[in-house]
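Quick notes on the structure that follows.
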Amino acid sequence: MSIARGWYIVIHDGKTLEAAQAWFTAHPGMIAGIELRLDLAGEESPLPDPPANLSVIVTDRGGRTNHARTTRRDQICREWRGTLDVDPQTDAAAPTDLPWIYSCHRTPDTPVSVQFQIEEAQRSGAVAAKIVMPEGDLAARRLALAQVAADGSYPVVCFNAGDQSPIDRLVALDCQQPWGYARVPADDPGIPGLPSIGAIVDRYRFRRCESQRPLQAVIGAEVQNHLAPGWHNRWLEENGSPARMIQFSTDQPDPFLDESDNLQLDALSVSDPYQAWARRVARPLDEDASRWNRWDTLIRQPDRSWVGTSCETIAVRRLLQQHFSGHVTVVVVGLEEDSQMLALELTRLGYQVSRICTRRGHGPGNSDSRQDTEAVEQAAALIHCDRSYRTGSRGTKQPDSSWDLTRFHGELAIDMSHPLQSHQQWKTLESTAVTVVDSLHFFSEQMRLQCRWFHPGVVTAGEVTPVEALRIAREAFEELQ
């Protein structure tokens, strides 16, 4: 059976094969086959019966000098009517009666080019080439995504190893590379960066393999668990759009932006620490955006330039205007660089604003604690604007704020922190008479605004409703729990 286009699910026993079969039945246009990893199964482990309806790749990494192991590999490949995956550095050569994939795992020191290796694969008689790029190299990541044969006559897959690999593999398959690798959701075969087929279907809403679908991305230093893709992709699928949002974690935003054209990205949701960077690399969307020095939203224009704005700032402004008829006293708690822009905007609008500045340790800064307490007691609205941890990571939770929130007797509290790491102490306000816009509710308000600019051709009957936005946010949040 030849190599089919789509996802190959890695299996190593009967349980994972059964799960792969279930995914194939549910998504026949997306699951192409399976990769049987004999090196993960163990030499003495019994194997299930070969599948009748799936294309098969057989891999036994590391058996180059073990004749018995190689004989077993080749025999299983014949019985399963599969294609061998052979890395000449670690595996024994394929016999002449079996089709095989030339597999190469590059390092930063690999002396030959990717193109040379593809040509070597063709000269060697391999039916396809698989090139794995070294981890952590942005240039290698971009090269991998662009590595498609010009005429499509020779199948080549090329992806990056490591933590960034899942999203690279996803984009590569959508950029016309012929196949990719995934795992079943409950399995961890020990292959770094192997995406879950569950996340591909549920988080990214990729139901089938397409070519050059419209893409947006959330970008930050560590956004692998950011809620934005889950929110946008649910809304896009429900509204019949082929566009999807992915995420890119990077410590090099400028090269990423330079390559965004090749990735067909038409919008970016910008997370920390790159919101000030976003302001520098784009033009303001409107007069409001021109006053702000931090943007969380970039939109591609027809001339391929970028414009930006801050949906977070607009969301806060709207929430205050909806709750209060006049200009009340507001306290903004947050880091100096986070809270200053918001405080200036609210002051311009006529609100009486006090700031309580925190430091990176999330405790009080150099301000007077007594004055801070008095400001909290007198405020009508309290805004938690500490965005230093808004990376979308699922790491250690923030410690609770040192401020005694029981001293707040106002009407409205807004928590702008990331829903996965919001302060538990702010939830104590929910038991009082205060209206609390918690972190998930605030996130949904931000997404409503982004939706208007990211998907103008889909939003045809006004903005997404608050109820709909919050419902989608809860679904995306529950998926990551």
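The values are calculated or read from the model by the stated rules, or taken from the named source; none is laboratory data. Keep in mind it's a predicted model, so treat the numbers as computed, not measured. Glycine also receives a Cβ, built like all others from the backbone with ideal geometry; neighbour counts cover every protein chain displayed.
Miscellaneous remarks
- Qualifying position, being surrounded by fewer than 21 Cβ atoms within 10 Å (Cβ to Cβ), closer than 16 Å to ASP187 by Cβ and in the same structural domain as VAL156 (by TED's automatic domain parsing), among ALA26, ALA22: ALA22
- Residue within the range 172-179 that is assigned by TED's automatic domain parsing to the domain that holds GLY29, at pLDDT 90 or above and out of contact with any Ser or Thr (no Cβ under 6 Å at 6 or more places or on another chain) present: yes
- Any hit, the range 43-51, residues being within 19 Å of LEU194 (Cα to Cα) and either touching a strand residue (DSSP E or B) at 6+ places or on another chain (Cβ under 6 Å) or in the same structural domain as TRP179 (by TED's automatic domain parsing) (or both): no
- Hey, GLN446 touching a Ser or Thr at 6+ places or on another chain (Cβ under 7 Å) and modelled with pLDDT of 75 or more or not: no
- Of all residues in the range 414-443, those that are aliphatic (A, V, I, L, M), touching a strand residue (DSSP E or B) at 6+ places or on another chain (Cβ under 8 Å) and either at pLDDT 75 or above or closer than 17 Å to SER339 by Cβ (or both) total 5.
- Unmet requirement for ASP168, which otherwise passes all of (1) at pLDDT 80 or above; (2) surrounded by 23 or more Cβ atoms within 10 Å (Cβ to Cβ): (1)
- Of the residues making up the range 339-353, those that are in a strand (DSSP E or B) and either touching an Asp or Glu at 6+ places or on another chain (Cβ under 8 Å) or farther than 18 Å from ALA379 by Cβ (or both) number 0.
- One residue from ARG73, ARG81 being within 30 Å of PRO28 (Cβ to Cβ) and either of a type in the set (Ser, Thr, Tyr) or touching a residue at least 40 places away in the same chain (Cβ under 8 Å) (or both): ARG81
- Residues satisfying the stated conditions in the range 202-247, i.e. at pLDDT 90 or above, under 28 Å from ILE34 (Cα atoms) and in a helix (DSSP H, G or I): PRO229, GLY230, ASN233, ARG234, GLU237
- In this structure, ALA199 does not qualify as part of a helix (DSSP H, G or I), of a type outside the set (Ser, Thr, Tyr), modelled with pLDDT under 80 and touching a helix residue (DSSP H, G or I) at 6+ places or on another chain (Cβ under 8 Å).
- The range 398-413, subset surrounded by fewer than 20 Cβ atoms within 10 Å (Cβ to Cβ) and at pLDDT 85 or above, residue farthest from the chain's Cα centre (by Cα): HIS409
- The number of residues in the range 340-382 being within 22 Å of TRP292 (Cα to Cα), β-branched (Val, Ile, Thr) and at pLDDT below 90 comes to 2.
Yes/no matrix, rows are residues, columns are (1) under 24 Å from PHE159 (Cα atoms); (2) touching a residue at least 12 places away in the same chain (Cβ under 8 Å):
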position: VAL10; (1), (2): yes, yes
position: PHE24; (1), (2): yes, yes
position: PRO28; (1), (2): yes, no
position: ILE34; (1), (2): yes, yes
position: ASP39; (1), (2): yes, yes
position: GLY42; (1), (2): no, no
position: PRO51; (1), (2): no, yes
position: ILE57; (1), (2): yes, yes
